[in-house]
Amino acid sequence: MNTQKIQPRISFSQKFGLFICAWILMTIIGGTIIGLIQYKFGGDSTPALRISTIIQDVFIFIVPAIVTAVFITRTPASFLCIDRFVSVKKIVLTLLTLTLAIPIMNFIIEWNANIHLPDSLRSIEQWMKNQEIAAANSVTILLGKSDIPNLIMSILIVGIFAGLSEELFFRGALQRIFQSKPMNIHVAIWCTAIIFSAVHMQFYGFIPRMLLGAFFGYLLWWSKSLWLPIIAHIYNNTLTVIFTWLNNRGAVTIDANSIGATTNYQDIIIAIISLIVTIISIYYLRKVLTKNINQTSCGGTQSLDQGTSL
């Protein structure tokens, strides 16, 4: 007898409710631990901030995603899309696409950073600016000194661990739950991307982070493997860490984050070329990733309720 036919299915509201409850509970626990650490060691020390960041990633992102997957399905690895790997060719094409997009993303980042609200919302704009300053100060403390040990530690925490934890939470759990509504896949991807960007509380980087989150979402949908957006996320974060480290050491004369960001003629041309080649690269990447992929596996809507139990 096919037992899957008689297994009860968990509704979207039940899945989403469980996910939110797990997130709230783990946020309270993680926030309490982080508060104790900062109370004892201070919130402006690099070691304390690094430990707090790891605790945040574990409790607020990783644990809720895993707990939700374990409770709503008998195949949690399949639900999270971590049971399928991708080829080196697909990884290289994905990282190449991200690299080609650097100038146009820099242009969008600069444009987003210069958005101003109406005078009637001046207090809100000032609050947003204060959030940006606080976030920038935290990153500076988190990265530490400009030496090799601090670079390695920053890559491990900001690059690898943050990329892994956020993709498990946002694409592995949240986007997959949205897909089970059933919801149009594009709506699911963009809703997740908007939440992903909003959670960072950096409003002057909201649009570029949303676009990046959407790209990660499509990588999951096209490849049916969470490992691809994880690797892409790690690559993106690690590049930022390395560029910042090199600039702080004065090892480079050109800031990679400024390529295509200014309004001079040369940078505008670079940004336009970057936009064109990025679109072409994404189109080709989609063809490669979706070739011979079973649309009902992992990322498909038909597999989301299989093996679920209350």
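The values are calculated or read from the model by the stated rules, or taken from the named source; none is laboratory data. Remember, predicted model here, so these are calculated numbers, not experimental data. Glycine gets a Cβ as well: all are built from the backbone with ideal geometry, and neighbour counts include every protein chain shown. Areas reflect the complete protein model, heavy atoms only, side chains present, ligands, DNA and RNA absent. Shrake-Rupley method; radii C 1.70, N 1.55, O 1.52, S 1.80 Å.
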**Report entry** Heavy-atom accessible area per residue - the chain, 1.4 Å, Å²
**Finding:** 52 Å²
Query raised in the report: Ignoring any ligand, DNA or RNA, what whole percent of the accessible area of the chain comes from carbon and sulfur when the probe is 1.4 angstrom?
Result: 68 percent
Query - ³J(HN,Hα), Karplus 6.51/-1.76/1.60, whole Hz, each residue of the range 144-160, x for Gly, Pro - result: x, 6, 8, 10, 4, x, 5, 4, 4, 5, 5, 5, 5, 7, 7, x, 7
**Report entry** Fraction in percent of alpha-carbon pairs per bin - 5 Å, the range 1-117
**Finding:** 2, 9, 10, 11, 10, 12, 18, 16, 7, 2, 2, 1, 0
Report task. Using label points projected 7 Å from each Cα along Cα→Cβ, tell me how many nm separate ILE254 and LYS129, to one decimal. Result -> 3.2 nm
Report summary line: Helix 265-290: inclination vs the chain longest Cα principal axis, degrees, rounded to 10, gives 20 degrees
Report summary line: From most to least accessible, 1.4 Å probe, no ligand or DNA/RNA atoms counted, CYS21, CYS81 line up as CYS21, CYS81
Query raised in the report: Using the scaling law 2.2 N^0.38 Å as the reference, what is the normalised Cα Rg of the range 111-246?
Result: 1.16
Requested in this report: Using Cα positions and a limit of under 23 Å, work out the lysines in reach of LYS224, with same-chain residues fewer than 8 apart set aside.
Outcome: LYS15, LYS89, LYS90, LYS181, LYS287, LYS291
Query raised in the report: Based on the mean of other beta carbon atoms within 10 Å per residue, what is the order of 83-92, 62-71, most packed first?
Result: 62-71, 83-92
Report summary line: Length gained if LYS287 through LYS89 is fully extended, taking 0.36 nm per residue and subtracting the Cα-Cα distance, is 70.0 nm
**Report entry** Calculated SAXS-style log₁₀ I(q)/I(0) at q = 0.11, 0.16 Å⁻¹ - the range 63-142, Debye, Cα scatterers
**Finding:** -0.69, -0.93
Report task. Largest first and to the nearest Å, give the Cα extent of the range 191-243 along each principal axis. Result -> 31, 30, 13
Query - Estimated FRET transfer efficiency (ILE160, VAL58; beta-carbon r; R0 22 Å; 0.05) - result: 0.95
Report summary line: Any residue on another chain or 5+ positions along whose placed amide H is under 5 Å from the amide H of ARG74 is listed here as THR308, SER309
Report task. For helix 185-199, report the angle its Cα long axis makes with the longest principal axis of the Cα atoms of the chain; keep it between 0 and 90° and round to the nearest 10°. Result -> 50 degrees
Report summary line: What one gets for the chain as the Kirkwood radius, inverse of mean 1/r over different Cα pairs in Å, is 20.9 Å
Report summary line: FRET efficiency (PHE12, ILE141; Cβ distance; R0 30 Å; to 0.05) is 0.15
Report summary line: A correct Karplus calculation of ³J(HN,Hα) over the range 12-24, with 6.51 cos²θ - 1.76 cosθ + 1.60, θ = phi - 60°, whole Hz and x for Gly and Pro, returns 4, 5, 5, 5, 5, x, 4, 4, 5, 4, 5, 5, 4
Requested in this report: Would you look at the GNM of the chain, springs on alpha carbons closer than 10 Å, and say which of LEU226, LEU151, LEU36 moves the most?
Outcome: LEU36
Report summary line: FRET efficiency (THR99, HIS200; Cβ distance; R0 22 Å; to 0.05) is 0.50
Report task. Kindly write out, for the range 232-237 in residue order, the coupling ³J(HN,Hα) from the Karplus curve 6.51 cos²θ - 1.76 cosθ + 1.60 (θ = phi - 60°), rounded to whole Hz, with x marking Gly and Pro. Result -> 5, 5, 4, 4, 4, 5
Requested in this report: Report, please, the projected area of the range 44-86 averaged over directions, based on the convex hull of its C-alpha atoms, in nm².
Outcome: 4.0 nm²
